[in-house]
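Asks: This is the structure I have questions about; it appears just below.
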Amino acid sequence: MARNKVIQVACPPDLYSKVQDYKGAKNLASDADAMRELTLFALRVIEHSSDEDEGISTRELLEVLLGNVIKIHHQTSINYYQNFNEEQYNNNMKEPDVVPSYKRLMAKAEERTQQILEGDKN
C-alpha cells in the first residue's frame, strides 16, 4: 500500500492567515485539510482554464451567470410590483418615469453587475 506523500511549504504570515480563515470558515480539522482543499480547487481551475477549445473561462462564465441572475432579480421585482401592487401600479402608470422601461431595467442590472465585479459589497 502506497503512503501519501508529504509536502512542506513555508507560508508568509499573510498567506497563513488566509489559510486559517479558510480553515475556520469550512470547519476543517487541520491546516493540512485546508491546504489540500485549496490545492485541489486551484488545480481544477487551472485544468479547466487552459482548455482552448471551450472558449470561455470559469470566471467569464461566472460573470455571465451573475449578470443573468441580477437581470432576473430585477425582472421578478417588476413583475411582483405589477401583479401584487396593482392599485399602486395603476396610479403610477400616469407618471411614465416611475415604472422603468425594459431597456432601463436591463441597463440598471448591468450597472449593478459591474459594481459587484469591481468589489462593491452594498
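The values are calculated or read from the model by the stated rules, or taken from the named source; none is laboratory data. Everything quoted here is computed from the prediction, not taken from an experiment. Every residue, glycine among them, receives a Cβ derived from its backbone with ideal geometry; neighbour counts consider all protein chains shown.
Asks: I'm trying to understand the selection: among the residues of the range 25-50, which are over 21 Å from the mean Cα position of the chain (by Cα) and not in a loop (DSSP other than H, G, I, E, B)?
Replies: If the condition is that a residue be over 21 Å from the mean Cα position of the chain (by Cα) and not in a loop (DSSP other than H, G, I, E, B), then Asp31, Ala32, Asp33, Ala34, Met35, Arg36 are the ones that fit.
Asks: Please indicate, with yes or no, whether at least one residue in the range 81-91 is over 24 Å from the mean Cα position of the chain (by Cα), in a helix (DSSP H, G or I), within 27 Å of Leu117 (Cβ to Cβ) and at pLDDT below 85. Spell out the reasoning first.
Replies: Here is the first cut: in the range 81-91, the ones over 24 Å from the mean Cα position of the chain (by Cα) are 81-91.
Okay, now just the ones that are also in a helix (DSSP H, G or I), so 81-84, 86-91.
With within 27 Å of Leu117 (Cβ to Cβ) added as a condition, the list becomes 81.
Among the residues that remain, those that are also at pLDDT below 85 are: 81.
Yes, the range 81-91 contains a residue that is over 24 Å from the mean Cα position of the chain (by Cα), in a helix (DSSP H, G or I), within 27 Å of Leu117 (Cβ to Cβ) and at pLDDT below 85.
Asks: For the range 7-21, give me each residue that is assigned to a loop (DSSP other than H, G, I, E, B) and either in contact with a helix residue (DSSP H, G or I) (Cβ under 9 Å, 6 or more places away or on another chain) or surrounded by 10 or more Cβ atoms within 10 Å (Cβ to Cβ) (or both). Please lay out each step first, then the result.
Replies: Taking the range 7-21 first, the residues assigned to a loop (DSSP other than H, G, I, E, B) are 7-12.
Residues satisfying the conditions are Ile7, Val9, Cys11.
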